[in-house]
Amino acid sequence: MPDFTMPSLGADMDRGTLTEWLVEPGDRVRRGDTVAVVETDKADIEVECFDDGVVDALLVRPGTSVPVGAPLARLTSPAAAPEPSRPAAPEPESSAPAGPPAPQREEAGRAPEHRPAATPLVRRLAEERGVDLDSVHGTGHDGRIVRADVERATRPASRPRVSPLARRLAGELGVDLGRVRGSGARDAVQPDDVRAVARTPRAPAEPRRRAAAPRRAAADKQAAMRRAIGELMARSKREIPHYYLGTTIDMDAATAWLRARNRELPVAGRLLPAALLLRASALAAREVPELNGHWLDGAFVQGDGVHVGIVTALRGGGLVTPTLRGADELSLDDLMAALKEMLVRARTGRLRGSELGDATITVTDLGDRGVESVTGVVFPPQVALLGFGGIVRRPWAVDGLLGVRPVVTATLAADHRATDGHTGARLLEAVDRLLQSPEEL
């Protein structure tokens, strides 16, 4: 069967660095299981397996930089591979109390679909700590059980809860998490708590010197990200003959409907204006397919669906563009939930490989930063990018009467090789029309 190879996680990615294996030789993996973490110039990405099989051999050591397409691991067919006998696992790093003996493996007759969704690494951790995965509530995508869920099931009451980004920052800044008081829910340690401790002067000079290397590494990574973004944007401006259009959209009907709708929803499930704009953009791209796809080998290739790239600012600086696949097929509530989950993973460095690349159109929304309009740059090989500013109140005439209404500026940057202004105007017109009937989105 095919090898597990370094995936392409963006149009600007030529190679990546394998930073962590989440499986070992002998582990059985299923399509969609997260098996490795890969560092690109922009982020650390959790990479999924695309085949069912058994890990026969790991071909690349962590810390190795390899080109896209290079084999990372050898897989064998699950039918052809015997059940492996794993060596004893090392003691976990945490101070969790020893649990009861590990439960026996599943009986052969048990249907695989009844097994809780979890990666091989998480299953092994649960075995080591005596945790029954059937009793664990998964907080990952589609209810998948992640490492943090198992750790919560065994964590002593006195052990502080730490967000993944806070833990990573503590390592980079040389901060002892035992010194950090958490400000989050149930005293969870947040990134700002770690930064506050890092800024506090300490008497000994040696710990500061030891922390300098991680800070330099973080600065180098930030420089690499800026370089990658600059190279992609330079390529875009060099290769793509851009044209730009803009329009102002009356948002009175949309905001009124949003207020009424949110009164019916729990706080956690309320909709943001960004969800309306994104939903309207996805439906408009389906209506105007000439702008939904890629320019490949001198010709336009229409996308196999509406897969929207969402420009996301990272907390440490820089940008990443995760992809919301099939955005036109999601209900507004489902789109809002998927958007929230994706943005949290993007900003905490937990994006999956399947969430990068293959976008057929990109949307950038800077309204929450107080920007009134944004003129974007097309991400090759895409041919269009929609931009939205903030919703602001402006004088606006309706049926000959002047009043003050909420409006938003929408812009389009598009590739003149694929379309021209008439087609681009149809896309903006569709976005405007859809936002005038928000109850139908």
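Let me make sure I get this right: for segment 218-356, a, b and c are the square roots of the gyration tensor eigenvalues over alpha carbons, sorted descending. Under 1.5 in a/c it's rounded, otherwise prolate if a/b > b/c, else oblate. Which is it? Oblate, since a/c reaches 1.5 and b/c is not below a/b. Taking all protein chains as shown and a probe of 1.4 angstrom, Met225 keeps an accessible surface of around 10 Å². Roughly how far apart, in whole Å, are the Cα centres of segment 257-322 and segment 364-400? Taking the Cα centre of each part, segment 257-322 and segment 364-400 sit 13 Å apart. Residue separation of Asp14 and Asp220 scaled by 0.36 nm, minus their Cα-Cα distance, works out to 72.3 nm of gained length. The 3J(HN,Hα) values that the Karplus relation (6.51, -1.76, 1.60; θ = phi - 60°) gives for segment 427-441 are, in residue order, 5, 5, 4, 5, 4, 4, 4, 5, 6, 7, 10, x, 5, 9, 6 Hz. Gly and Pro appear as x. For Val301, the accessible surface of its heavy atoms amounts to roughly 70 Å² (probe 1.4 Å, protein chains only, rounded to the nearest 10). For Trp295, the accessible area of its heavy atoms, probed at 1.4 Å with every protein chain present, is near 60 square angstrom. Choose one of Pro25, Gly10, Ala36: the residue whose Cα lies farthest towards the positive end of the charge dipole of segment 1-46 (beta-carbon charges +1 Lys, Arg; -1 Asp, Glu; about the Cα centre). So the residue furthest toward the plus end is Pro25.
Residue separation times 0.36 nm, minus the C-alpha to C-alpha distance between Leu245 and Ser183: what's the value?
Once the chain is fully extended between Leu245 and Ser183, it gains 17.8 nm.
The values are calculated or read from the model by the stated rules, or taken from the named source; none is laboratory data. Given the structure is predicted, the values throughout are model-derived calculations rather than measurements. No Cβ is skipped: glycine too gets one built from the backbone with ideal geometry, and neighbour counts run over all protein chains shown. Areas reflect the complete protein model, heavy atoms only, side chains present, ligands, DNA and RNA absent. Shrake-Rupley method; radii C 1.70, N 1.55, O 1.52, S 1.80 Å.
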